[in-house]
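Here's the structure, in structure tokens; my notes come after.
Laboratory data are not the source of any read-out in this text; all were calculated from the coordinates shown. As the structure is a computational prediction, the values presented were derived from the model and not from experiment. Every residue, glycine as well, gets a Cβ built from its backbone with ideal geometry; the counts of neighbours run over all protein chains shown.
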Amino acid sequence: MSRIGKMPIPIASGVKVDIKENTVTVTGPKGELSRSVSPEMVLNLQDDTLTVSRPSDSKKHRSLHGLTRSLLANMVTGVSTGFDKNLDIVGVGYRAEKNGDKITLRVGHSHPVEVTPLPGVSLAVEGNNKIKVSGSNKEMVGEMAAKIRAIRPPDAYKGKGIRYTGETVRLKAGKAGKVVGKK
């Protein structure tokens, strides 16, 4: 039995879950998310918990069980508290600035790079070297953060670039240079 799939999903106060056929709509203070799930998965809404069960132990049903539960749990969490990812800009002269809902990055390219947020995602700049990506859809927040990081990924030799907060970048040693003292 799937350990993740059999866990019930607690529904926070202020969150409304609506199930119609194989479409689940979750509404909360941070917005509304909708997703169609496999019609083979059985969704059961009782009181303030949502449970997912599978009809058989076939490989397909076992793989869909935990996935469906995780996706629905992320939807409930997203509309109640939301998700965010933080990025750090490391490097001399590297900086970000906010222009309306867009941000402009100056990260060593010959031109400033303008980033437009995906729908349902908001971008914020803290100081001039920290970017906060937030929204109710976990997939969109992660995708937007990955797109920003891909503009200038961390360099393997100096560590300059855009990285996730808390990400460790392993630096390479570089050239050894001349050996001093040999004749």
For Cα pairs less than 8 Å apart in space and 6+ apart in sequence, what is the mean separation divided by the residue count of region 9-80, i.e. the relative contact order in percent?
34 percent
Helix 59-80: angle to the longest alpha-carbon principal axis of the chain, degrees 0 to 90, nearest 10?
80 degrees
Taking Cα pairs under 8 Å and at least six residues apart, what relative contact order does the chain come out at, in percent?
18 percent
In this structure, among Lys98/Lys138; Lys138/Lys160; Lys60/Lys132; Lys30/Lys102; Lys30/Lys98; Lys85/Lys175, pairs with alpha-carbon gaps over 30 Å are Lys60/Lys132; Lys85/Lys175
Run the quick spin-label model on Val42 and Lys102: label points 7 Å from Cα toward the beta carbon, then report their separation in nm to one decimal.
5.2 nm
Cβ under 14 Å from Asn128's Cβ, Asn128 left aside: what net charge do those residues give with Lys, Arg +1 and Asp, Glu -1?
+2
Given (1) 0.94; (2) 1.16; (3) 0.96, which label gives Rg/Rh (Cα atoms, Kirkwood Rh) as computed from the coordinates?
(2)
Where Lys and Arg each count +1 and Asp and Glu each count -1, what net charge lies around Lys16 among other residues with Cβ under 12 Å from its Cβ?
-3
Taking the Cβ of Thr77 as the center, what net charge do the other residues with Cβ under 10 Å away carry, scoring Lys and Arg +1 and Asp and Glu -1?
+2
By how many degrees, between 0 and 90 and to the nearest 10, does the Cα long axis of helix 138-151 differ from the longest principal axis of the chain?
10 degrees
Signed unit charges on C-beta, dipole axis of region 9-80, positive-most listed residue Ser80, Gly28, Val52
Val52
Longest segment of the chain lacking GluC sites (Glu not before Pro) that sit in a DSSP loop with at most 16 other Cβ atoms within 10 Å:
41-166
Among the aspartates and glutamates, which have Cα under 13 Å from the Cα of Lys16 when same-chain residues fewer than 8 positions away are ignored?
Glu32, Asp47, Asp48
Order these peptides, 71-84, 145-158, by their mean beta-carbon neighbour count within 10 angstrom, highest first.
71-84, 145-158
